[in-house]
Amino acid sequence: MDCKHTNLEVRKLPWDGRLVRNLLRFPGTKQSRTVGFTLVELMVGVALGSLVLLGVASMYLFSFKSFTSMSHYSDLNARSRHASDTVTRDIRSAKGVISATGQQLVLRLGTNNLTYNYDEDARTLTRSYLEQDELLLEGVKSLSFSLYRTSSGSPYEEFSVATTTNAKLVGFQWECSRRVYGTQKSSQSLEAAIVKMRNK
């Protein structure tokens, strides 16, 4: 029996890179699309980010200025009230007025003199008694002292301008201010009163 051998020709398939790319390509994607941002998209993103940052910074500055203004006003009001209570107590305890000007008030307290001095340049109000100076107020924008007397026979309580000899009441008025940091605005506090001397 003759055996015939059949020669099988094995052909190599040519390399086709497109086949591999097609197999590795994810479904739903386009081969021609490149991952990244265009110049227009990048500019739009930067612009939106800048607007957001600008809004956050504006809100922060507004909140900071409002908080600072309220803090200054609260501090000025507390200091002004303390100074007003001190001056009122001294006037009520005084036996008389030695002198009174727009920037200075000298009271007779017991056997000694008590002096209130307003320094317009330093914007301070100082209390001096028994050779001891006490800084009572800072940031004083304006201050004035005045003397009054009651009008006898008047159905209403009216006050007339008086001198140191016949004064029965002492009036004071001041305005304090403090600049808010980073702005042209200032927190202000106003205090005014007319006090009667009880020991005169």
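The values are calculated or read from the model by the stated rules, or taken from the named source; none is laboratory data. The structure presented is a predicted model; accordingly, all values stated were derived computationally and were not measured. All Cβ positions, glycine included, derive from the backbone under ideal geometry; neighbour counts span all protein chains shown.
Numbers for the structure displayed
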quantity	calculated
Residue identified as touching a helix residue (DSSP H, G or I) at 6+ places or on another chain (Cβ under 7 Å), of a type in the set (A, V, I, L, M, F, W, C), closer than 16 Å to Trp174 by Cβ and at pLDDT 90 or above among Leu137, Leu105, Leu143	Leu137
Failed condition for Ala47, given (1) surrounded by fewer than 13 Cβ atoms within 10 Å (Cβ to Cβ); (2) within 30 Å of the chain's Cα centre (by Cα)	(2)
Some residue of segment 71-87 being more than 31 Å from the chain's Cα centre (by Cα), hydrophobic (A, V, I, L, M, F, W, C), at pLDDT 90 or above and closer than 28 Å to Arg178 by Cβ	no
Ser187 vs. criteria modelled with pLDDT under 95 and part of a strand (DSSP E or B)	yes
Condition broken by Leu125, with the remaining ones in (1) of a type outside the set (S, T, N, Q); (2) under 20 Å from Met197 (Cα atoms); (3) at pLDDT 95 or above satisfied	(2)
Residue within segment 147-167 that is in contact with a Gly (Cβ under 7 Å, 6 or more places away or on another chain), surrounded by 13 or more Cβ atoms within 10 Å (Cβ to Cβ) and modelled with pLDDT under 95 present	yes
Top-ranked residue in segment 92-127 [being among the small types (Gly, Ala, Ser) and more than 36 Å from the chain's Cα centre (by Cα); ranked as nearest to Ser142 (Cα to Cα)]	Ser99
